[in-house]
Amino acid sequence: MDPNRVEEASGKMSGDGDISSVMGFSGFGKKARTFDFDAIFEQTRRTAIERSQRALEERQMTQMEEKGESSKSVKSSVHAQRNKAAAATSRKQESDSSSDSGSDSDSGLIGPPPPPQHTTQDDDDDDDELVGPPLPPGYTGSTAHSDEEDEEGGAQDDDDDKPVKKIPDTHEITLQHGTKTVSALGLDPSGARLVTGGYDYDVRFWDFAGMDQALQAFRSLQPCDCHQIKSLQYSITGDVILVVSGNAQAKVLDRDGFNVMECVKGDQYIVDMANTKGHTAMLNSGCWHPKIKEEFMTCSNDCTVRTWDLNSEKKHKSVFKPRSFQGKKVTPTCCTYSRDGKLVAAGCQDGTIQIWDRNLSVHTKFHCRQAHTPGSDTSCLSFSYDGVTLASRGGDDTLKMWDIRNFRKPVNVATGLTNYFAMTDCCFSPDDKLLVTGTSVKKNEGNGKLVFFDRTSFQRVYEIEVTDASVVRCLWHPKLNQIMVGTGNGLAKVYYDPVKSHRGAKLCVVKSKRKEKQAETLTQDYIITPHALPMFREARQRSTRKQLEKDRLDPKKSHKPEPPVSGPGRGGRVAAHGGTLSSFIVKNIALDKSDDSNAREAILRHAKDASENPYWVAPAYKETQPEPVFAEESEEDEEADKEPEWKKRKI
């Protein structure tokens, strides 16, 4: 070795030692490390290709695992270990190569390997287009659920195909309105309260939520005195009730039956009914506007149909005057609004059905001249929920369905439906697929029926025998899915289904009857004496319950009366042969068998005993009574007494 180089090295080492001692670190004078970028890029490219191939293999393995569900959990753990090992190897290679960048490759995928769940989800999205994590092995819930949905869908399709299955008639309750015909029914929009009216002039209020199994009305009144109730209907908000009766003035009541408004009566001596303020003859029907809560309509025997505003009772709002083909007056027997409230329809006594635009009261918009038999009362008009079809119930025992777009001929006609009442109803089902009406019968000649017709084919698809009287009113509430029926014998029936129906009658049938308090008679009436002295003033009764509790503690008030004695005696009491005064008297009366028909003999029977053994009167006056002194009769007096009467008169 060259000694000069050794000296230079030792000098450097001594210099480095001095610098390291001064600066605090060593390594001065070393050559910097060089990097070959081409080699680094090539190594990175190879690593990316290997990762892509490994990811493809894992994806294929995952697909095979899904087919063989039994070994999925084991393979997933193996795949996780492989991923961890691959990640550790890649980190080692990157740390060795000290590379922070990569290059794209055309031959494979570049980047970290995706997790196995992600690859499975991508594969599922590619195959089945399902969103979410992979399903566990052996899970068939989605398939079963889909099958159930298919079955439910099929059942719904069957119900749609057969609307008869939607009729709620499995259960019923009966509300006793009275003994005469129930001629009016009204149910509020929410279905909480029912109101009934009849030929007995009564209007009864029924609250489903407040009733129990006794099914008693919470209020009964006669708002129109001695006039039959023709129609009852709640407004669209349910806060007021329209009452149409046999008089000329309609009334509006609130939910509790108090008077809100009474329509004004018109002047019957004015010829033009448009110039009077109100109706002048008996009302026939009435209804509320379906959109405007303050407006309602009535029709009358004065040959007019009038609309009213709830806020102005002094005069009607508008007048519609039905006319015959010759221009003569005709009487409207029923009236109704269309579902949108833009049309006003009236059925008239000459068999016509006339429809006006609500804003144009002069000329009719639709007019059918021969809808029903002239002279018969068209009892009801009802629009379908789609607003295109009109159903009419005639007094000629028919039910007809009309398309207002072609109003000349009826679409369908059903005959043989007996109708004896001027207010027999017809209505559409909530799904608009059925049409319902009632039939009338004479007394003891059969049962009144509720008849259901299919709207499309107009075939009689179902019947319900209600009672042995006529079915007058019927109402199918869309929210409750319950059918209310008014009959000719004073009954109001509610038909419902526990599954298909909601609230309504279901609320009251589950409540048991309230127990009547029979101990109310024990309480004494409280006498109010405000000016009495405190010492004489009675304590005020706070409540009946507390007073009953006090009376129960009082031994005198709570003493049970003694039951009658049976047998010889019990409880220290002697029976009929005992020692009481009443029993002694009864016993002696029964034993005394003397004949008291001759009063004189009955008295003289005791004369000897009284003289020999005085007991009542003589001992009391023994000391003060003077001794009686009687004159003795002579023989002459005795002979004179024996002489006949005629000799005495001569003397």
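The values are calculated or read from the model by the stated rules, or taken from the named source; none is laboratory data. Predicted model, so just to flag it, every value in this text is computed and none were measured. Positions of Cβ are backbone-derived with ideal geometry, glycine not excepted, and every protein chain shown enters the neighbour counts. Ligands, DNA and RNA are excluded from the accessible area calculation, which covers all protein heavy atoms including side chains. Shrake-Rupley method; radii C 1.70, N 1.55, O 1.52, S 1.80 Å.
Structure values in brief
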quantity: Highest-first arrangement of 545-552, 276-283, 598-605, where packing means the average Cβ count within 10 Å; calculated: 276-283, 545-552, 598-605
quantity: Solvent accessible area, Å² - D202, 1.4 Å probe, full protein context; calculated: 30 Å²
quantity: Shape category assigned to the stretch 167-243 from the gyration tensor of Cα positions, a/c cut at 1.5; calculated: oblate
quantity: Largest to smallest principal axis extent of the C-alpha atoms in the stretch 195-342, angstrom; calculated: 57, 34, 28
quantity: Amide N of the stretch 179-198 lying under 15 Å from the label point, which is placed 7 angstrom from the Cα of D239 along Cα→Cβ; calculated: 189-190
quantity: Net length gained if the chain between H531 and S582 were fully extended (0.36 nm per residue, minus Cα distance); calculated: 13.6 nm
quantity: Stretch gain in nm, segment L604-Y621, where the contour uses 0.36 nm per residue and the Cα spacing is subtracted; calculated: 4.0 nm
quantity: Distance between modelled label sites at E612 and F218, nm, 7 Å Cα→Cβ extension; calculated: 8.9 nm
quantity: R0 of 41 Å, Cβ-Cβ distance F325-E465: FRET efficiency to nearest 0.05; calculated: 0.50
quantity: Sites K265 and A209, calculated FRET efficiency, Cβ-Cβ separation with R0 41 Å, nearest 0.05; calculated: 0.60
quantity: Gain upon complete extension [D254, Q43; 0.36 nm per residue less C-alpha separation]; calculated: 66.8 nm
quantity: Theoretical FRET efficiency, 1/(1+(r/R0)^6), r = Cβ-Cβ of H171 and R369, R0 60 Å, to 0.05; calculated: 0.85
quantity: Label-to-label distance, nm, for residues given as K557 and E57 (7 Å Cα→Cβ offset); calculated: 10.0 nm
quantity: Cα→Cβ-extended label distance, 7 Å offset, between K443 and L548, nm; calculated: 4.4 nm
